[in-house]
Structure formats: C-alpha cells, structure tokens
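Take a look at the structure below.
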Amino acid sequence: MARINKNLLYPLSSVLFLGLLVWVLRTMPVENKHKVIPAVVFGERIDYNRDIRPIVNNKCIACHGGVKKSGGFSLLFEEEALAVNESGERAIVPGNIRKSELIKRIKHSDPEYRMPLESEPLSEEEIDLFTKWINQGAVWDDHWAYKAPVAQEVPSAGAGWAINDIDRFVAQKLEEKKLQPNPMSDKYSLIRRLSLDLTGLPPSLEAVKAFVEDGSADAYGQLVDSLLASPAYGERWAAMWMDLARYADSKGYEADRPRKIWKYRDWLIRAFNENMPYDRFITEQLAGDLLPDPTDENYIATAFHRNTMNNDEGGTDNEEFRVAAVLDRVNTTWTVVQGTTMECVQCHSHPYDPIRHEDYYRSLAFFNQTADADIPSEAPVLVEFKSEEDQEKLEKIQAWVAKVDDGTPEVTADYFTKLIRLGEPKLHPHYFEQMDRGIPVKGTATFKVDPKIHSITRKLPFSGEDRIMFKVRVEGEAGTIRFRIDSLQGREVAAWEVRSRKKTRFDQSTKKNVSYSVSEVLSIPLTPFQGTHDLYLVWEGPDGKETTCIFEWVMLHHSLPGGERPGYGEIEKTFYELYNSEKEKETTPVMVSLPEQYRRDTRIFEKGSWMVPGEPVSAGVPAIWNPFEERYSPDRLGFSAWLFSPDNPLTARVMVNRLWEQLFGRGLVSSLEDFGSQGFAPTHPELLDWLALRFSRDLNWDIKRLLKEIVLSATYRQSSHFKRPEEDVDPLNEWLSRGPRLRLTAEQVRDQALAVSGLLSQKMFGPSVMPEQPEGIWQVVYSGDQWRTSSGEDKHRRSLYTFWRRTSPYPSIIAFDAPSREFCLPKRIATNTPLQALVTLNDPVYLEAAEAMGRKVLKNATSDRDRIALLYSMATGRGISEEKLSDLQGLLEQSRTYFDIQPETVCQLVGEENNELAVYTVVANAVMNLDEFLMKS
C-alpha cells in the first residue's frame, strides 16, 4: 500500500469542507442561509452597519429603497432585499456571489447595466466589501439606535482624574484617541458656567465671593444643589422645552392672531421645578386628559399639542388644516421623544430607515381622535371662571348633580363639569354640509341657514340625549330653527324660536354708537332616540323679511338630573347662564378625546395627500421597535406607555443626549433630531447606553439627579481653554478633552444683561409681556393688534415670558438664532453675525441695562480704576486683568472727550445732563459686548 503524504491532508480537508459547505448552502432554504455561515471561513467579519449600510444609503437607496423600488428591488428591509425581483433573479443570495445579481451588476463593464446607474461605479474597496459580506452570509443587522441599550461595564480608565463613572467612560475614549483632559476650571469660571447651565442666569457677586472663599470639600456639590433648587431652574429648562413644544402666543399662518396659552408655559416651569419624572412629564403632555380623574393641570399639560398652528383666514378648509395640525403632532412627538424623522414617511416609506409608509398613519391614528378643529374659537378650551359669582354657580351645579346622582354615567358631576368647562362634544361647522340653492358647501368657519339654505350633518350617532345646545347669532328679524332627521321633510325632533340679540359699541370713526348682533348659547328639548341618522337644520324666517341664522356649533347632551325635585328650574337656569356669562374667563386650548360615537376612521394618505385617503389603519408603531399590539391601549395614553417601556430603544437615549447637548453644546449623538441611519453615530456609544439605563432604571427618570451627576463630573469641570492649533486634534471637542465653550442662548444673552444691571424682575408665571422693542416691527394684517410696551417690572421679566408672535418674533431674540416656532426645533444652530453686535450695542434693552450698570458703579466706587474694575466684575463675575483695565480706561477717556465736544448727545443717551453717567453707560455697553460676557467658557 502506498504511503499517504500527510502534507496533502490539510489542503484536501479544506477542499472537502468547502464542498460540504457549498452543498449545505444550495440545499437549505434561502432565508436561513445567512444565519449559519461562520465568518471565520472568509476572513474578517464584515459588519453590516459599519461597512455596508453607509454604501447602501449613499449610493443605492435612492433607487432601491422606501421612495423608489427600481426593478422591484429594495435594500430597505431584509426580506425585500432577499426576495426575487422583477427580473426573476435574487439580487442577494447569502453565501453565493455567483447567483447574486447585485455583484454582477456592480461589477458590470457596460454602463447601461452597471449599478449604480448613471453614477460613478463603486470603488474596488466597496465591491470587495459587498462580495465578502455576501460570501459571509449577507448577515443583516438593525441600526444601533433601534436596539435596546445594553448594560455596560464601567471602565477602569481615568485613575487620578475621574470623579465619577461618567469620567471613566470619557477617559477611556481619550486614551484611545491619545488625548489628555484639560485641567479643572478655576472657581470663577465654574460657578458662572454652572449657574448659566442650571438656571440660565449668571451668579451674583455675593454668590461668587461665597463660593470662592468656601474651602470645604463639598462646596461645589452644595452649589449644584442650591442651583437645582432655585426657582430660576424651572424657567431655564422650560425655555429649552418651548422650542420643542413650538410654544407661541399666536396662531400662525397669515392672520397670526393672538392665542392665550400661557398657562402651558406655567405648567412647564412648575413641572421642571417640582422635578416631575420624565415619564410622567411626557405622559401628561401627550395624554393628560386620558388619565384617571384628570385635573386642570393634566389638561393644561396637553396644550403641548395645542401649540399647533391654526388658520383663521377666510375661505380655508377647516379639515385640511385640522389634518395639518395632526400631522405636525405626529412629527413633533417622534422628533422630541424618539429622535426619529417620521415626517419622511408621510408620502412614502422612509428613504433610509426601515419604517413603512403605513407606519406613519398608524402613528397618526393615536392623534386623530381629538375634538379640536381648525376654527377661530380653538375649541376645546379649558375654561377657568375668574369671577366669584361664576365660580359659585359652577360649584352650585356640581353640588346639585352630586346630590341627585343615581349612578347613571350620563348624570355625573364630572360629566356636567366637562360640559361647562370643556364644552364637548361640539359639532363644529366642518361636520355640516350646507345646501345652498342645491349646491353643497363645506368647510366654512360658521354655517348658516335661511329660507334658501339648509344644513345637513350625515350619520350622526344619537345615544338618547334629550337636549340640543347651540351657539347662534341672528342677523335681522327673529325666526324659528327646526331640527329634522333623515330628510328635509323628516320627523322634527326639536324646534325653537330664536330672537336677535343686540349690543352697542362706540365707533371711533363715526363718533356714534353702533348696534351689532351677538351670539347666544341656547339649549332646547330634544326628542330622545337611538341610532345613526342624518340631522337637518332648517330656518324659517318671517315672511318677506331678510334674515339669516348663523351657527358656531351644535351639541347633543343629557339634561341635568333631578328634574322632578324642587329647585330644578333655578339650577337649569344657572347652567345656561354660565354658558352665556360675559364675565372674565381664562381659557386654554387643551386636548380632549372624542366620545366613542364620534370617532374618525384613520386612513393612509396616498402619496401623503389628505385628499386621497386609502386603506384604513389601526393605531400602532413600526415593527422595528418594541411590540405594541395587545400590550397597550390604542390611544395616546397607551402610546405614551409604549414610549417608556423598558424595551424601547430610544426614549432614554434621546433625552439623555438632549440634556448632554444643553450642557456641552454637542450631543453624544450630534444629530439630536435624527438617531436614524443618516444621523451621526454616537461618539461615546457605551457612555450613551450607560447613561440611558442609569436615567431610566436607576434614577427612575429623575432629570435633576441626572443633571447633577453630569455637572459633578470632572469632564464637565474641565477648563475650556483651547490647545494650540497645531496640537489640537479635536477642534469640535467630540472626545471631550476640554470643557464647553459656547455662546449663550438668545434668552440668556438678554436675561444676563438685565440680571447684572439689577433690572431683572423676579416675577414668575402669568400672561406674556411686551418689553421694549423698536417701532414698526409689527405690521399686523386683519386686526388692530399692536405691540404695547409693558410697564413697570413686566418689561424687565425673563425672556421666556416675552410675547411670541410667529410671523414677527421679538427681534433681538431672533438675531441670536431663536426660531419662529412655527414648527418643532430640536436644536438651535448658533451663528456669529455682525447683526448680533448691532443688537447688543443699540437695542433699547441693552442700552437701558448699560445705563443701570453705570449708575451702580458711580454710586458704589469713587475712582475710575475702581469703577471699571467693579463694572467688569459685575458683568463677568471675576476680577479684571491690567491689560483689559488699560483698554477700558482708554475707552473711558475717549468717551469723556466725545461728550465734552458734543454735550447734546449726553441727554440723548441717558435722558439727563449727566456726563459721567453717559461715559460709564458707554463703557458698560462695551463690557456687555465682550466675548467673555456673551460666552459660557
């Protein structure tokens, strides 16, 4: 027998193994092939997210993804990528490049066939990556952000520097990048940075002195605690959230009329100051009205989604702009809470992330069942009676209903309280179709009936209601309104004679009293019945007289209980008096869910157009995230519970990242609004996951405790000094090798000027104010609204209380990159323009603050040197260098010379003949334009 050469056994065994592997691949089902191939057979494992997804998103997905599926081939979802396409071939056959059409096409020599079509061919390196990936089984992987955070082991790095676990993660990354952290900031910088970050205001000189002189080991920790407990903390973080909530004091669009929604701002401030857990904070804003026994504060929280714009322009379609508001709620919720660009899915599947077109409308279904509509009244609104008389009437009704309550759901005190204070469920004009001389007219702001017109609402559900309430205005003579069902000549279920109600007002142009018609709320008996019917409204005016009856809304409701008891008539009269009360009321737009019988169908909009409804959908979420069905209720409350499920991959990450960005100027994921595959990858993925789990599990969504841990870290306390350019390999501070150095926000720039000058009001809460602004800014169309400068301390309140008109926001804030708030803004982009310097040098607010500082230093110091030093310390919270002192003394002398030569300008600047005040106003104004005043460093 011939001896076998052992050297041949190893290559022979390899060939046999490979042959066996090929046979397995050919015989197993396609969908399983990629799951069993050992990567080691084909060299280093190719990672889909790291190596393949960037090529797909940059060069393939435009033609083969959510928007287009050229050739029936899509790379957006794994099952689509592995399926047979229109050619009958599979583009990707895991483990078999010979049968994978994708490899053939990206390598093809003919430009007519080579992919990507009409573009530069893939590089050899990219082709090699695809080849190896398919050979290794084409192993797909979810994007990192769509996988739940994983518990991380805290590194041991940072010995001698790290203060807490955050620093150990940062130190590990610094070591990887061969970077060294900056030394710790001096105490003057630390207290100013911390105070601005936590309260939005600079520290007082007294606070700086106390902190610098406090040598105790826990001086910094005590400072953190005191700032977190400050009432100013809530104002600072509410100002941040108002961008996300698109808070404004006007409705937007062309008319942009005023809106009273300031109670929502008050709710925000209180929520942050009371340290409301983040899960509760979001739940109340999304679904406070759906909580058991909701309070006024729960309702007011839902104004988060009543900040949507409202179009009062005549001739617009109410349903079109109601839908626009609902779309905005979907987009805002996913942006704010999930860092997801869901707006990309309105018209088609997501171009880059595995979110299907129908997923958008499943999300929309959560928000499509609310009673609000695009109408001037902005109903539903939560009514707060300001007069004692009206409040007593409400309490009287509540007491009556509670006394006679027999347990019937329709006659509870809560039912009638909501009927009075929320006024739902109203049928607004867009529920009706007017038949005007045989022509249907829909979408009007109010509907009218006269002898030539009648109105219909179709398929209206009746549930035994025995009253019909409506708000009506009669133009001309009195007449009779008749309600019939099923046809114009159908059974009459209610009728009432309505009279014209007049008021007079003094007309400035004619100098005469003018009579005009006003609306009145009426309630009349209704024959109770069940079922779905068409309801017709017919108006019968007096013969030969021109008269029209104009309706704002109609509402079916149940009578007050206890009709057989003594005193019922008085209670019923009180009930309707509240509806027609002209005494002062405070109203806030809120969310209210429609009753079951009024629920809308939610359908997919074909190509995103609300005018082309497609297949119906039920409430739900994209399949790539944690499951929803059968676990949560299909409403806004269930959606909120799903957001805070321990399995949700994004909620904690997104909020942690937002808080990090507020402190450091850059998030661990720099694209705050987009955690998807087109967003930036996290610079410190392990730290992000560790913080997310710490926030959600260990800290139970406690925002203050999370902020405290971050600001206590050595990472946060580093000096912000730049290294020399030739040594700085981290110019954007991605790896956190130095402390944050950022320009203050628009609100902080103004608030700081008022604070250091002593003008800032400590007043909190209440309606928006109008501080001084240049004339001619407001050119208000369709109304006589004017900017009326507030008096007293109101004009010196913090910037978040400033009246915010969407089409014309406060100009000095806009110059520093504040948004119009027409839509949600996840992150402001800081710019540096000459206009900003013109604002701080010339705006009345900054000149007034400079004058107040000038008065202070003239009163509290005697020599020029001491006055300049004091002025600089007031502004920056630290002592002045000799170099700056010399420069400011030069400016002081130049200013004195100028005012001596042109004495008339003294009074123009400060309003009195006081040369020294004018001189120090100029110097103070210059100091408030220094880099160290406008920056947090």
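Among the residues making up the stretch 41-84, those that are part of a loop (DSSP other than H, G, I, E, B) and either surrounded by fewer than 19 Cβ atoms within 10 Å (Cβ to Cβ) or of a type in the set (Phe, Trp, Tyr) (or both) are Gly43, Glu44, Arg45, Asp47, Ala62, Val67, Lys68, Phe73, Phe77, Leu82, Ala83.
Do we have any residue at all in the stretch 88-111 that's modelled with pLDDT of 85 or more, hydroxyl-bearing (Ser, Thr, Tyr), more than 29 Å from Val345 (Cα to Cα) and not assigned by TED's automatic domain parsing to the domain that holds Trp334? Checked against the condition, which is being modelled with pLDDT of 85 or more, hydroxyl-bearing (Ser, Thr, Tyr), more than 29 Å from Val345 (Cα to Cα) and not assigned by TED's automatic domain parsing to the domain that holds Trp334, the stretch 88-111 yields at least one hit. Among the residues of the stretch 469-493, those identified as in contact with a Ser or Thr (Cβ under 7 Å, 6 or more places away or on another chain) and within 30 Å of Ser515 (Cβ to Cβ) are Met469, Lys471, Val472, Arg473, Val474, Glu475, Gly476, Glu477, Ala478, Gly479. Of all the listed residues (Asn580, Asn657, Asn626), the sole one being outside the structural domain of Trp334 (by TED's automatic domain parsing), closer than 19 Å to Trp144 by Cβ and not charged (D, E, K, R) is Asn657. Going by the structure shown, is Leu871 crowded, with 19+ Cβ neighbours inside 10 Å, closer than 26 Å to Lys209 by Cβ and either touching a Phe, Trp or Tyr at 6+ places or on another chain (Cβ under 7 Å) or hydrophobic (A, V, I, L, M, F, W, C) (or both)? Yes: the conditions hold for Leu871.
With respect to Ile163, determine if the residue is assigned to a helix (DSSP H, G or I), of a type outside the set (Ser, Thr, Tyr) and within 35 Å of the chain's Cα centre (by Cα). Taking the combined requirement at face value, the residue does not satisfy it.
Count of the stretch 100-122 residues, restricted to those that are among the charged types (D, E, K, R), part of a loop (DSSP other than H, G, I, E, B) and buried (at least 17 other Cβ atoms within 10 Å of the Cβ), is 1. Checking the stated criteria, Thr527 turns out not to satisfy the condition of being among the hydroxyl-bearing types (Ser, Thr, Tyr), more than 24 Å from Glu475 (Cα to Cα) and in contact with a helix residue (DSSP H, G or I) (Cβ under 7 Å, 6 or more places away or on another chain).
For every residue, the table says whether it meets (1) surrounded by fewer than 16 Cβ atoms within 10 Å (Cβ to Cβ); (2) assigned to a helix (DSSP H, G or I).
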| residue | (1), (2) |
| --- | --- |
| Tyr188 | no, yes |
| Ser195 | no, yes |
| Leu198 | no, yes |
| Pro203 | no, no |
| Val212 | no, yes |
| Gly215 | yes, no |
| Leu223 | no, yes |
| Leu227 | no, yes |
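Of everything in the stretch 321-343 that is of a type in the set (D, E, K, R) and under 22 Å from Val381 (Cβ atoms), the residue that is surrounded by the fewest Cβ atoms within 10 Å (Cβ to Cβ) is Asp328. Within the stretch 645-654, identify whether any single residue is farther than 25 Å from Asn307 by Cβ, part of a loop (DSSP other than H, G, I, E, B) and at pLDDT below 90, and answer yes or no. Checking the stretch 645-654: not a single residue is farther than 25 Å from Asn307 by Cβ, part of a loop (DSSP other than H, G, I, E, B) and at pLDDT below 90.
If you go through the stretch 800-817 one residue at a time, do you hit one that is surrounded by fewer than 18 Cβ atoms within 10 Å (Cβ to Cβ) and assigned to a helix (DSSP H, G or I)? Taking every residue of the stretch 800-817 in turn, at least one turns out to be surrounded by fewer than 18 Cβ atoms within 10 Å (Cβ to Cβ) and assigned to a helix (DSSP H, G or I). Scanning the stretch 882-921 for residues that are more than 49 Å from the chain's Cα centre (by Cα), more than 23 Å from Tyr872 (Cβ to Cβ) and assigned to a helix (DSSP H, G or I) gives Asp900, Ile901, Glu904. Take Ala145 and decide whether it is among the small types (Gly, Ala, Ser), outside any loop (DSSP other than H, G, I, E, B) and under 30 Å from Trp334 (Cβ atoms). Answer is yes for this residue. Phe367: in contact (Cβ under 8 Å) with a residue 12 or more places away in the chain and in the same structural domain as Asn626 (by TED's automatic domain parsing), yes or no? In short, yes.
Applying the criterion of being farther than 24 Å from Ala371 by Cα and touching a residue at least 60 places away in the same chain (Cβ under 8 Å) to the residues of the stretch 578-603, the residue that is surrounded by the most Cβ atoms within 10 Å (Cβ to Cβ) is Lys583. If you check Glu673 against the conditions, is it touching a strand residue (DSSP E or B) at 6+ places or on another chain (Cβ under 8 Å), of a type in the set (Asp, Glu), modelled with pLDDT under 95 and closer than 30 Å to Gly200 by Cα? The answer is no for Glu673. The stretch 460-574 holds strands (runs of 3 or more DSSP E) entirely within its bounds, and those carrying 1 or more residues that are over 43 Å from the mean Cα position of the chain (by Cα) and surrounded by 12 or more Cβ atoms within 10 Å (Cβ to Cβ) map to 467-476, 479-485, 491-498, 520-525, 530-540, 547-557. Looking across the stretch 376-416, the residues that are under 24 Å from Pro429 (Cα atoms) and out of contact with any helix residue (DSSP H, G or I) (no Cβ under 6 Å at 6 or more places or on another chain) come down to Pro376, Ser377, Glu378, Ala379, Pro380, Val381, Tyr415.
Among the residues making up the stretch 148-163, those that are exposed (fewer than 14 other Cβ atoms within 10 Å of the Cβ) and farther than 12 Å from Glu686 by Cα are Ser156, Ala159, Gly160.
Counting only helices (runs of 4 or more DSSP H) that sit wholly inside the stretch 252-345, those with at least 1 residues that are of a type in the set (D, E, K, R) and closer than 29 Å to Leu693 by Cα are 262-273, 278-287, 318-338. For the residues Leu744, Leu732, the requirement of being hydrophobic (A, V, I, L, M, F, W, C), under 30 Å from Asn164 (Cα atoms) and surrounded by 15 or more Cβ atoms within 10 Å (Cβ to Cβ) singles out Leu744.
The values are calculated or read from the model by the stated rules, or taken from the named source; none is laboratory data. As the structure is a prediction and not an experimental result, all values here were calculated from the model. As a convention, Cβ positions derive from the backbone with ideal geometry for all residues, glycine included, and neighbour counts pool all protein chains shown.
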